[in-house]
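K.L.:
Before anything else, here's the structure in question.
The values are calculated or read from the model by the stated rules, or taken from the named source; none is laboratory data. Only a predicted model underlies this, so the values are computations on that prediction, with no experimental measurement involved. Positions of Cβ are backbone-derived with ideal geometry, glycine not excepted, and every protein chain shown enters the neighbour counts. Surface accessibility is based on the protein's heavy atoms, side chains included, excluding ligands, DNA and RNA. Shrake-Rupley method; radii C 1.70, N 1.55, O 1.52, S 1.80 Å.
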Amino acid sequence: MYRYDEFDETIVRERVKEFRGQVERRLSGEITEDQFKPLRLMNGLYLQLHAYMLRVAIPYGTLSSRQMRQLAFIAREYDKGYGHMTTRQNIQYNWPALVDTPAILDALADVEMHAIQTSGNCIRNVTSDQYAGAAEDEVEDPRPWCEIIRQWSSFHPEFSFLPRKFKIAVTASEHDRAAVKVHDIGLRLYKNSEGRTGFEVLVGGGLGRTPYIGHVIRDFLPKEHLLSYLEAILRVYNLLGRRDNAYKARIKIQVNAEGIDAFRGMVEEEWARIKDSGVDLPREEIERIRRYFAPPPFEKLPRESTAFNDAAASDKGFARWARVNTVAHKQPGYAIVNISLKPPGKPPGDISDEQMEAAAHIAERYSFDELRVTHEQNICLPHVKKDDLYAVYQSLQAADLATANIGLASDIIACPGLDYCTLANARSIPIAERIAERFSAAGVEDDIGELKIKISGCINACGHHHVGHIGILGVDKKGEEFYQITLGGSGAEDASIGEIAGRGLSSDEVIDAVERLVDYYRANRQDGERFLDAYRRLGLDRFKEAIYADAQAA
Amino acid sequence: MPTLKLREGALAPYKDAKPTEISLQSWRDGVRPEGGRFAIVVPNDTDIREIAPSLASFSVVILDFPKFRDGRAYSQARILRDQLGFKGEIRARGDVLRDQAFFMARAGFDAFELEESRIEGFTEALRTFSQVYQPAADDAVPAWRLRAARAVAA
Ligand code: SF4
């Protein structure tokens with residue numbers, strides 16, 4: 001993991017000091033809430049329906065046990081004993097008092113964390129594959145590049161007042177777990193036909209009210225030029241992106257209005273000017289950062305674990321959990337363990353202080369002190385010995401963290417919705433809970449297989465409904481909460497934007513509709529076909545019929 | 001509005017005679033007032049490279065912040081300094097707030113139109129960070145360079 005040196009430490013501490021001054025000026029009445037707003041937003045502090053919300057960055061999703069314990073401490077000391085993991089690898093605290101926020105930022109700085117650029121029209125927390133450094137299919141660990149971007153983008157003097165917020169995601173695997181095609185900039189590390197590793201650069205993807213899949217702006221960027229290329233894109237955007245309408249100010253609008261070829265032309269022209277101007281890091285600094293992400297001291301182990309096989313044979317619950325929640329690791333004898341934060345009846349992504357402590361403890365003991373936060377609002381332990389899986393499972397069970405539903409129907413992404421968010425049209429959390437309940441009978445979820453349900457409380461699409469296999473969007477119909485279904489979306493390497501399936505449904509109807517969609521799929525799927533694949537084969541009309549035929553009959 | 005000049009980290013009111021201001025549009029129209037060099041006022045939606053051929057005629061370029069959130073002039077300033085090699089004054093006009101001071105100075109601004117009463121807060125803001133991560137148009141040395149220097153010394 002990256003560790004701060006005195007430079008990183010100084011920058012983060014100076015930021016806290018500045019913010020402390022700003023909060024003092026606000027509390028003493030020297031500045032008004034209006035004047036304070038842009039300042040607090042630069043430190044991730046929002047005003048929500050009932051209270052302030054503080055959003056803390058978990059850069060590229062990586063946490064040490066010590067950091068996780070500090071997050072638990074903050075939840076206990078300054079919040080109501082829990083935190084909320086977001087789709088952008090951040091943690092949100094929903095109830096901090098303004099007067100406490102400088103102390104919270106200090107506590108974060110103590111463990112090399114911050115809330116820098118978690119809001120505002122700047123480059124946000126860079127996100128990545130939660131399996132980085134562990135995935136079987138990656139060409140190299142993408143996190144050194146994320147850290148390089150984190151440093152470069154922190155307090156960037158030119159790009160702190162962009163037309164709109166700006167999100168960058170990095171992956172290094174064939175299988176895209178970082179949703180790079182729906183980011184302002186998506187970076188995919190891969191090996192080209194000459195055997196060199198570089199970035200495929202995508203630009204202009206995004207969700208929100210006008211969803212777009214990103215375009216390839218450059219199919220091969222030599223790694224050492226990453227920062228100058230990013231700087232070229234950002235400069236073209238900063239100068240020419242729209243600022244007259246917040247809804248049209250994201251880079252995706254610019255790219256799609258100009259056309260990708262014209263946009264590429266401008267970026268390449270700018271890049272040619274600055275490519276060798278000293279923006280890019282020298283090799284030594286890249287190596288320095290890369291060394292922090294060296295693989296942990298794995299043991300040489302056989303691929304199969306007898307201890308694991310024996311436990312799985314005698315404990316069916318464990319066998320199922322292991323099948324659903326663990327993933328192959330590149331190191332023989334190890335596995336990646338997913339911890340679901342979607343237990344039945346709980347808001348997706350919420351985690352209590354005690355659970356954070358438990359997860360930290362388990363990571364320390366069994367996963368080289370490392371945890372990851374995923375963009376699907378779960379947590380993972382990247383490096384667990386197969387021999388230890390049963391012990392890990394039991395410890396997770398004791399902390400109510402052993403829900404086995406990763407990638408299944410109840411592993412739902414949902415935004416905070418009307419329960420917290422001032423912009424919401426409708427609630428999303430209770431819908432997620434009721435859908436999960438609907439499929440809770442033994443064996444049902446397993447039979448359905450991979451199904452990504454994503455719920456947003458309004459068109460801003462924080463719940464990523466556009467890229468849900470089944471997407472649900474809260475709409476307002478004469479002051480009542482209604483829901484619109486979209487079908488066939490994906491945020492992975494086969495990215496697509498879901499298609500709208502027809503008129504809005506009441507909260508009761510939408511639960512039934514999801515169930516009918518799933519029933520239709522189960523009745524019509526071919527061997528081994530996922531919901532998404534069946535949808536792509538059969539088409540919108542047939543699934544639409546499945547929703548509405550019965551809805552009218554009822 | 002007084003103009004405050006940034007010199008070696010400190011802000012002080014303008015002492016010298018101010019050059020004659022001229023808008024970009026007048027310049028385009030061929031207006032050339034008496035006197036040697038001018039302060040040209042460039043809107044933030046113009047390509048700053050347009051004035052590259054005439055830079056020798058300007059001792060000051062005035063860039064605009066219609067709202068503090070509108071950050072186009074940061075890029076204009078950087079292009080002026082880094083790419084066009086402009087050595088004269090780059091002055092920030094408009095919605096110039098203390099919490100932008102640090103960014104502006106790094107992007108190449110060395111003069112600000114603001115009330116003298118705000119000097120103190122503005123100067124404090126200029127010193128928000130003693131370390132930076134990236135090279136820009138000022139002479140701050142990015143952390144990676146200092147790290148490399150230290151590694152060599154060790
Ligand atoms: S999608 Fe809408 S309701 Fe949900 S968190 Fe975003 S803004 Fe709020």
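Let's see how each residue does on (1) of a type in the set (A, V, I, L, M); (2) outside any helix (DSSP H, G or I); (3) within 26 Å of the chain's Cα centre (by Cα); (4) assigned by TED's automatic domain parsing to the domain that holds residue A:87:
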| position | (1), (2), (3), (4) |
| --- | --- |
| A:195 | no, yes, no, no |
| A:200 | no, yes, yes, no |
| A:216 | yes, yes, yes, no |
| A:242 | no, yes, no, no |
| A:247 | no, no, yes, no |
| A:256 | no, no, yes, no |
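K.L.:
Residue A:142 passes all but one of (1) away from chain B (no Cβ under 14 Å); (2) open to solvent by 10 Å² or more (accessible area, probe 1.4 Å); which number fails?
P.N.:
(2)
K.L.:
Another question, if that's okay. Which of the residues belonging to region B:32-60 are open to solvent by 20 Å² or more (accessible area, probe 1.4 Å), outside any loop (DSSP other than H, G, I, E, B) and touching a Pro at 6+ places or on another chain (Cβ under 9 Å)?
P.N.:
Within region B:32-60, just B:59 meets the criteria.
K.L.:
Condition check: farther than 28 Å from residue A:242 by Cα, of a type outside the set (Lys, Arg) and in a helix (DSSP H, G or I). Does residue B:151 satisfy that?
P.N.:
Working: farther than 28 Å from residue A:242 by Cα: yes; of a type outside the set (Lys, Arg): yes; in a helix (DSSP H, G or I): yes.
Against the criterion (farther than 28 Å from residue A:242 by Cα, of a type outside the set (Lys, Arg) and in a helix (DSSP H, G or I)), residue B:151 qualifies.
K.L.:
Select, from B:5, B:18, the only residue that is in contact with a strand residue (DSSP E or B) (Cβ under 8 Å, 6 or more places away or on another chain) and surrounded by 11 or more Cβ atoms within 10 Å (Cβ to Cβ).
P.N.:
Values: B:18 fails: surrounded by 11 or more Cβ atoms within 10 Å (Cβ to Cβ).
After ruling out the rest, the residue left standing is B:5.
K.L.:
Further question on the same structure: Those residues that are within 16 Å of the ligand (Cβ to nearest atom) and either crowded, with 21+ Cβ neighbours inside 10 Å or over 30 Å from residue A:247 (Cα atoms) (or both), I need them from region A:429-448; list them, please. Spell out the reasoning first.
P.N.:
Filtering region A:429-448 for residues within 16 Å of the ligand (Cβ to nearest atom) gives A:429-433.
Scanning region A:429-448 gives A:429, A:431, A:432, A:433.
K.L.:
All but one of (1) under 19 Å from residue A:85 (Cα atoms); (2) buried (at least 21 other Cβ atoms within 10 Å of the Cβ); (3) within 16 Å of the ligand (Cβ to nearest atom) hold for residue A:426; which doesn't?
P.N.:
Only one criterion is unmet by residue A:426, namely (1).
K.L.:
Of all residues in region B:63-88, which are of a type in the set (Lys, Arg) and either within 12 Å of chain A (Cβ to nearest Cβ) or buried (at least 23 other Cβ atoms within 10 Å of the Cβ) (or both)? Before the answer, list the steps.
P.N.:
Within region B:63-88, the subset of a type in the set (Lys, Arg) is B:67, B:69, B:72, B:78, B:81, B:87.
Selection gives B:67, B:69, B:72, B:78, B:81.
K.L.:
Additional query: Open to solvent by 20 Å² or more (accessible area, probe 1.4 Å), closer than 21 Å to residue A:161 by Cβ, over 15 Å from the mean Cα position of the chain (by Cα) and within 14 Å of chain A (Cβ to nearest Cβ), is that true of residue B:127? Break it down stepwise before answering.
P.N.:
Values: open to solvent by 20 Å² or more (accessible area, probe 1.4 Å): yes; closer than 21 Å to residue A:161 by Cβ: yes; over 15 Å from the mean Cα position of the chain (by Cα): yes; within 14 Å of chain A (Cβ to nearest Cβ): yes.
Here the answer is yes, as residue B:127 does meet what is asked.
K.L.:
Moving on to the next point. Taking the conditions exactly as written (within 12 Å of the ligand (Cβ to nearest atom), within 21 Å of the chain's Cα centre (by Cα) and within 17 Å of residue A:515 (Cα to Cα)), does residue A:472 satisfy them or not?
P.N.:
On the way: within 12 Å of the ligand (Cβ to nearest atom): yes; within 21 Å of the chain's Cα centre (by Cα): yes; within 17 Å of residue A:515 (Cα to Cα): yes.
Considered against the rule, which asks whether it is within 12 Å of the ligand (Cβ to nearest atom), within 21 Å of the chain's Cα centre (by Cα) and within 17 Å of residue A:515 (Cα to Cα), residue A:472 comes out as yes.
Results for (1) of a type in the set (A, V, I, L, M); (2) open to solvent by 20 Å² or more (accessible area, probe 1.4 Å); (3) under 21 Å from the mean Cα position of the chain (by Cα), shown as yes or no for each residue.
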| site | (1), (2), (3) |
| --- | --- |
| A:491 | no, no, yes |
| A:514 | yes, no, no |
| A:524 | no, yes, no |
| A:533 | no, yes, no |
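K.L.:
Considering only region B:89-100, I want to know if a residue exists there that is at the interface with chain A (Cβ under 9 Å from one of its Cβ atoms), open to solvent by 30 Å² or more (accessible area, probe 1.4 Å), acidic (Asp, Glu) and in contact with a helix residue (DSSP H, G or I) (Cβ under 9 Å, 6 or more places away or on another chain). Walk me through it before giving the result.
P.N.:
Initially, region B:89-100 is screened for residues at the interface with chain A (Cβ under 9 Å from one of its Cβ atoms), giving B:97, B:99-100.
Those left that are additionally open to solvent by 30 Å² or more (accessible area, probe 1.4 Å): B:97, B:99.
Filter once more, keeping what is acidic (Asp, Glu): B:99.
When the remaining residues are screened for being in contact with a helix residue (DSSP H, G or I) (Cβ under 9 Å, 6 or more places away or on another chain), the result is B:99.
Scanning region B:89-100, I find at least one residue that is at the interface with chain A (Cβ under 9 Å from one of its Cβ atoms), open to solvent by 30 Å² or more (accessible area, probe 1.4 Å), acidic (Asp, Glu) and in contact with a helix residue (DSSP H, G or I) (Cβ under 9 Å, 6 or more places away or on another chain), so the answer is yes.
K.L.:
Looking at region A:17-36, which of its residues are more than 11 Å from every other protein chain (Cβ to nearest Cβ) and either surrounded by 15 or more Cβ atoms within 10 Å (Cβ to Cβ) or in contact with a helix residue (DSSP H, G or I) (Cβ under 7 Å, 6 or more places away or on another chain) (or both)? Walk me through it before giving the result.
P.N.:
Here is the first cut: in region A:17-36, the ones more than 11 Å from every other protein chain (Cβ to nearest Cβ) are A:20, A:23-24, A:26-29, A:32-34.
Listed by number, the residues that qualify are A:20, A:23, A:26, A:27.
K.L.:
Report yes if some residue within region A:377-390 is within 16 Å of the ligand (Cβ to nearest atom) and either outside any helix (DSSP H, G or I) or crowded, with 20+ Cβ neighbours inside 10 Å (or both); otherwise report no.
P.N.:
Yes - at least one qualifying residue is present in region A:377-390.
K.L.:
Given the criteria touching a residue at least 60 places away in the same chain (Cβ under 8 Å), crowded, with 18+ Cβ neighbours inside 10 Å and not in a loop (DSSP other than H, G, I, E, B), does residue B:106 qualify? Break it down into steps so the answer makes sense when it comes.
P.N.:
Values: touching a residue at least 60 places away in the same chain (Cβ under 8 Å): no; crowded, with 18+ Cβ neighbours inside 10 Å: yes; not in a loop (DSSP other than H, G, I, E, B): yes.
It is false that residue B:106 is touching a residue at least 60 places away in the same chain (Cβ under 8 Å), crowded, with 18+ Cβ neighbours inside 10 Å and not in a loop (DSSP other than H, G, I, E, B).
K.L.:
Hey, could you check region A:401-423 for residues that are within 16 Å of the ligand (Cβ to nearest atom) and of a type in the set (Ser, Thr, Tyr) and say which is nearest to the chain's Cα centre (by Cα)? Before you say what the answer is, go through the steps one by one.
P.N.:
First pass over region A:401-423, keeping only residues within 16 Å of the ligand (Cβ to nearest atom): A:412-423.
Now restrict to residues that are of a type in the set (Ser, Thr, Tyr): A:420, A:422.
On the way: A:420: 19, A:422: 21 Å.
If we take residues in region A:401-423 being within 16 Å of the ligand (Cβ to nearest atom) and of a type in the set (Ser, Thr, Tyr), then A:420 is nearest to the chain's Cα centre (by Cα).
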